[in-house]
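Student: Sending over a structure as structure tokens; questions will come in a sec.
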Amino acid sequence: MNAAILESVLTCPHCGFAKLESMPTDACQFFYECQQCKAVLRPLAGDCCVYCSYGSVPCPPVQLQRAAGA
């Protein structure tokens, strides 16, 4: 099994601003404030965190779950 990717580009759905962020490996991130427009992002329905909703890469726990075939 491959190691999880620990960085993801979060893109604000309100203004389109994108920023490379380091993802936590031990918790889900439920809130993220866009640096440009100051909108507070929350996960979409069915997603566990903002990285799964707005990131270029899903969070590490989801990556590992998918790699395990679950």
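Student: Could you tell me how many of the residues in segment 35-48 are of a type in the set (A, V, I, L, M, F, W, C) and under 13 Å from the mean Cα position of the chain (by Cα)?
Tutor: Filtering segment 35-48 down to residues of a type in the set (A, V, I, L, M, F, W, C) leaves 37, 39-41, 44-45, 48.
Applying the additional criterion that residues be under 13 Å from the mean Cα position of the chain (by Cα) yields 41, 44, 48.
Residues that pass the stated criteria total 3.
Student: Something else: Kindly list the number of the only condition in (1) assigned to a loop (DSSP other than H, G, I, E, B); (2) of a type in the set (G, A, S); (3) touching a Gly at 6+ places or on another chain (Cβ under 6 Å) that fails for S8.
Tutor: The one condition S8 does not meet is (1).
Student: Another question, then. When segment 49-61 is examined, which residues are found to be buried (at least 18 other Cβ atoms within 10 Å of the Cβ) and under 10 Å from the mean Cα position of the chain (by Cα)? Outline the logic, then answer.
Tutor: As a first pass, look at segment 49-61 and keep what is buried (at least 18 other Cβ atoms within 10 Å of the Cβ): 49-55, 58-61.
Matches in segment 49-61: C49, V50, Y51, C52, S53, Y54, G55, P58, C59, P60.
Student: For segment 49-61, how many residues meet the condition of being in contact (Cβ under 8 Å) with a residue 24 or more places away in the chain and part of a loop (DSSP other than H, G, I, E, B)?
Tutor: We begin by selecting, within segment 49-61, every residue in contact (Cβ under 8 Å) with a residue 24 or more places away in the chain; these are 50-51, 54-61.
Among the residues that remain, those that are also part of a loop (DSSP other than H, G, I, E, B) are: 56-59.
Residues in segment 49-61 being in contact (Cβ under 8 Å) with a residue 24 or more places away in the chain and part of a loop (DSSP other than H, G, I, E, B): 4 in total.
Student: Which members of segment 1-27 meet the condition of being of a type in the set (S, T, N, Q) and either loosely packed, with under 13 Cβ neighbours inside 10 Å or over 16 Å from S53 (Cα atoms) (or both)?
Tutor: Looking only at segment 1-27, we keep the residues that are of a type in the set (S, T, N, Q), and these are 2, 8, 11, 22, 25.
Result: N2, S22, T25.
Student: A follow-up question, please. For segment 10-55, enumerate the residues that are touching a Phe, Trp or Tyr at 6+ places or on another chain (Cβ under 7 Å) and of a type in the set (S, T, Y).
Tutor: T11, the sole residue that qualifies.
Student: Collect the residues in segment 35-48 that are in contact (Cβ under 8 Å) with a residue 24 or more places away in the chain and either within 19 Å of Q65 (Cα to Cα) or surrounded by 17 or more Cβ atoms within 10 Å (Cβ to Cβ) (or both), keeping them in residue-number order.
Tutor: Let us first name the residues in segment 35-48 that are in contact (Cβ under 8 Å) with a residue 24 or more places away in the chain, namely 36-37, 39, 41.
The answer is L41, and nothing else.
Quick note: the coordinates plus some simple rules give every number you see, no bench work behind them. Here the structure is a predicted model, which means the values were calculated and not measured. Note that each Cβ is placed from the backbone with ideal geometry, even for glycine, and that neighbours are counted across all protein chains shown.
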